[in-house]
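First up is the structure itself, then whatever we jot down about it.
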Amino acid sequence: MQKRRLGRSDLFVTPICLGTMTYGEQTSRDEAFAILDRAVGFGIDFLDAAEMYPIPPKRETQGATETIIGEWLTARGRRNDIVLATKVCGRSSNDWFRDDGSPTRLTRTQIFEAVEKSLRRLRTDHIDLYQIHWPDRAVSDWGTVPSRFKPFVPAVDETAIEETAAAFAELVAAGKIRHFGLSNESPYGLMRFIFAAEQGIGPRPVTVQNAYSLVNRTWEGGLAEIALREEIGLLPYSPLAQGYLTGKYRNGALPENSRKALFNRLQRYEKPHADAAIAAYVDLARRFGADPTTFAVAFAMNQPTVGSVIIGPRAEDQVESNLAAAGFVWTEDMQAAVDDLHQRFGNPCP
């Protein structure tokens, strides 16, 4: 696999990144080790985690994902071979992340506490890409790029972007993190962080990790131009729409041990007209003779501004169809067919 540069940084990564948010909940330690071994054996060198993981977030399991990754890195002696990314929580009411029981905010104190805990769990002295998981400020909708704008009232205690950015600059200077990225961010937020960096406040973001898939191309509306002009890499998450684009939930199917069966947290992909759109994309993949999983990941991998596509197999038997996208030839006919369906369905799952 030809590696891709993330933004203007010195990070070069494989075009597929291994997401890990099920480790410690749906995926056991032994299963996670098997997935990691297989993906890295295939050539993947980029791992993405978060202090919040595993999903769904719970007091009892918080941090388990990073702990498993740290144990694997140590057991296999692979830290120097891996570009390691993780994330700090944005604004939430959850009170189990911080030692003093505070709700999470992107203040200097909280960011410093979070990074130290992640470093300990990951058993490393630095994080290659440290990302804000979602904003501190109030936003229109989760993911911050809705298909329809929903008015909101800014929170009275929002942490200034400049304060947050300055904290990340200190972490870079201390060698605890190498590069800075955003997630679930809007054009407004991305430009504010770029502007702060240009004013000498904080590091320049090198990536944005947002949802991006056949049924959610809202990235293209405003963020893509910024990413192109400012050299910011997109790290698409949920390229399979949390499993829907594999076809496994079609016609009301509910596979045993699937995320929907266990947690029923997939409402983002169950909005009006989503069923028809998902079915159309699954059928399209099959008309091209492709596995729907491979087709959906390959779509994301072959779009402008994409750095590395985050896959999230929860079991070893799901790895192969995801990784097959690395060798999949994406054609102009496929792009035209996908764009035709997008013109028809738009973004049913923002």
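Can you work out D for the chain in µm² s⁻¹ from Stokes-Einstein, where Rh is the Kirkwood radius over C-alpha pairs, the temperature is 20 °C and the viscosity is 1.002 mPa s? Walk me through the numbers before you get to the answer.
Working: Rh = 20.4 Å.
Once the numbers are plugged in, D ends up at 105 µm²/s.
What's the extension gain from R148 to K3 if we count 0.36 nm per residue and subtract their Cα-Cα distance? Intermediate values should be presented prior to the final figure.
On the way: separation 145, 0.36 × 145 = 52.20 nm, distance 3.57 nm.
Result for the pair: 48.6 nm of gain on full extension.
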Which residues does the label zone of F263 cover in segment 14-31, counting backbone N under 14 Å from a point 7 Å along Cα→Cβ? 19-28
Estimate the FRET efficiency between S92 and D317 by the formula 1/(1 + (r/R0)^6), using the beta-carbon distance for r and 51 Å for R0, to the nearest 0.05. 0.90
Arrange the residues R59, R287, R76 by how much accessible surface each exposes, largest first, with a 1.4 angstrom probe. R287, R59, R76
How far is helix 108-122 tilted, in degrees, relative to the longest principal axis of the Cα atoms in the chain, given as a value from 0 to 90 rounded to the nearest 10? 60
Compute the long axis of helix 161-173 from its Cα atoms, compare it with the longest principal axis of the Cα atoms of the chain, and write down the angle in degrees, 0 to 90, nearest 10. 80
Here segment 238-251 yields Karplus 3J(HN,Hα) values (6.51, -1.76, 1.60; θ = phi - 60°; whole Hz; Gly and Pro given as x) of 6, x, 9, 6, 6, x, 5, 6, 7, x, 6, 9, 5, 6
Roughly how far apart, in whole Å, are the Cα centres of segment 1-77 and segment 186-224? 23
To the nearest Å², the heavy-atom accessible area per residue of segment 225-308 with 1.4 Å probe amounts to 44
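If you average 1/r over every pair of different alpha-carbon atoms in segment 118-170 and take one over that average, what Kirkwood value in Å do you get? Mind dumping the intermediate values first?
Working: mean 1/r = 0.0728 Å⁻¹.
Answer for segment 118-170: a Kirkwood hydrodynamic radius of 13.7 Å.
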C-alpha long axis of helix 29-42 to longest principal axis of the chain, angle in °: 70
Can you give the helix-only mean residue ellipticity at 222 nm for the chain, where every DSSP H stretch with n ≥ 4 adds -39500 (n - 2.57) and the sum goes over all residues, rounded to the nearest 500 deg cm²/dmol? -11000 deg cm²/dmol
Show me, for segment 195-204, the HN-Hα J-couplings you get by feeding each phi into the Karplus relation (A = 6.51, B = -1.76, C = 1.60, θ = phi - 60°), rounded to Hz, glycine and proline as x. 4, 4, 4, 5, 8, x, 10, x, x, 6
I need the P(r) histogram for segment 279-350: all alpha carbon pairs, bin width 5 Å from 0 out to the longest distance, whole percents. 3, 15, 26, 26, 20, 8, 2, 0
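What per residue convex hull volume, in Å³, comes out for segment 151-282 when only alpha-carbon positions are used? The partial results should precede the final answer.
Values: hull volume 21.1 nm³, N = 132.
Each residue corresponds to 160 Å³ of Cα convex hull volume.
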So for the pair M191, E170, with labels modelled 7 Å out along Cα→Cβ, what separation do we get in nm? 3.0
Once phi is turned into θ = phi - 60°, what whole-Hz ³J(HN,Hα) does the Karplus curve with 6.51, -1.76 and 1.60 give for every residue of segment 205-216, x standing for Gly and Pro? x, 9, 9, 10, 9, 10, 5, 7, 6, 4, 9, 8
Would you look at the GNM of the chain, springs on alpha carbons closer than 10 Å, and say which of A253, A64, A279 moves the most? A253
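What area, in nm² and to one decimal, does the C-alpha convex hull of segment 199-350 cast on average over all directions? Please report the intermediate quantities before stating the final value.
Details: hull surface 41.2 nm².
The directionally averaged projection comes out at 10.3 nm².
The values are calculated or read from the model by the stated rules, or taken from the named source; none is laboratory data. Predicted model, so just to flag it, every value in this text is computed and none were measured. So basically every Cβ, Gly included, is an ideal-geometry build from the backbone, and we count neighbours across all protein chains shown. The protein model used for the area step is the full one, side chains on, heavy atoms only, and it has no ligands, DNA or RNA in it. Shrake-Rupley method; radii C 1.70, N 1.55, O 1.52, S 1.80 Å.
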